[in-house]
Amino acid sequence: MPPTHILPRLRINTDMARKILVLFLRDAVTKVGFKRAVIGLSGGIDSALSCYLAAEALGPENVLAVRMPYKTSSPGSLSDAQAVIDALGVQHGTVEITPMVDPLFERFPDITPMRKGNAMARTRMVVLYDQSVAFNALVIGTSNKTETLLGYTTIFGDNAAAVQPITDLYKAQVRQLSRALGVPQSVIDKAPSADLWAGQTDEEELGYTYDTADQLLYLLVDRRFTVDEVVAEGFDRTVVERIWRQVRLNHYKRTMPNVAKVSQRSIGHDFLYLRDWVG
C-alpha cells in the first residue's frame, strides 16, 4: 500500500472550487449566446456533480438531464439519476438506446464488450447533441481528471462536450465536492461504473483503484515527479510505469485532431490568436 501521507495532498477547498466551477460554467455557456445546458445523467457521481454545478450556475429550469439506459443497465443507475433530478428540480427525460445500438451489435456477432461500450457511449452523445438543439443548449461534459489522463474515455463519446466543468478534479476531489454540494449519498458510495454492461466496474477494468491512480497522477502530473521519485514514495514500480504509459499513449484523446500545415495560417497552429477576434 502507498503511504497514507499522500492522501491529504488531494484535499481541496470545496467552497473555493464550487465558486470557481459555478462561475466558469455560467461564463462558458452565456458568453457564446446560450442560457441552457444539456447533460447526460448516468446515476454516477461524475454526472451528478456536473448536474449540481450546472443547476447552480444556470438555474435548474435551464438544465435538461437525460437518462439513456441500455437494456442491461442497472436499475439502480436509473433510480440514482432520479434522486439527483428530484433533489435539483431540473428538467429531465429518458431515452432508451437499446433499439439504436442493437442493430449494430446484431450486424457483428463477434463484437467485443469494448466495441459495444464505445458504440453505446457514442450513441448517448448523439442523443445529447440532438437534445441540445431541441433545448437550445450546450452539452456539458462529465469527465474527471483521473479518467481523462488515463484515457479511460471514448472519443466522440463521453469525452465529447462543449464545456467540461470537472476535468481538473481527480476522482477523490470529485467525491469531496459532491459531499459538499449534497449529492445523494447512494451516488457517492456506489462503485464507479460506466454501466456499459452488467456488473461492469471502472476499477476492475482498469486493474487498480481510483485512489491509487489519483495519488500517482497527482505526483506525476501536478508535482512533475519522475517515475523513480514516485517509486521512492512507496508505490509499486510496475503500477507506476503502467499508469504513466497510459497517460502518454492516450494523449491524443486529450487534444484536438492533428492538422497538417500547408498554408500560412493553419487551424491548430497559427489560428486562433486572441487578436483575431478584434474588429
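Coordinate-derived values only; no laboratory data. What you see is a predicted model; the values in this text were computed from it and never measured. Methodologically, a virtual Cβ is constructed for each residue, glycine included, from the backbone with ideal geometry; neighbour enumeration extends over all protein chains shown.
Each peptide in 58-66, 13-21 gets a packing score, the mean of other Cβ atoms within 10 Å over its residues, and the list from highest to lowest is 58-66, 13-21.
Using only the Cα atoms of region 1-124, build the gyration tensor, take square roots of its eigenvalues as a ≥ b ≥ c, and label the shape rounded, prolate or oblate: rounded if a/c is under 1.5, else prolate if a/b is larger than b/c, else oblate. Oblate, since a/c reaches 1.5 and b/c is not below a/b. Within a straight-line Cα-Cα reach of under 21 Å, Lys31 can be paired with the following lysines, leaving aside sequence neighbours fewer than 8 residues apart in one chain: Lys19. Entry note: the chain has Rg to Rh equal to 0.97, where both radii use alpha-carbon atoms and Rh is the Kirkwood radius. Across region 257-269, coupling constants 3J(HN,Hα) worked out from phi with the 6.51/-1.76/1.60 Karplus curve, θ = phi - 60°, read x, 4, 10, 6, 8, 10, 10, 5, 10, 10, 4, x, 10 Hz, and Gly and Pro carry x.
Highest average first, the peptides 125-138, 206-219 ordered by how many other beta carbon atoms sit within 10 Å of their residues are 206-219, 125-138.
A straight Cα-to-Cα reach below 28 Å connects Lys71 with the lysines Lys116, Lys171, Lys190, residues fewer than 8 places away in its own chain not being considered.
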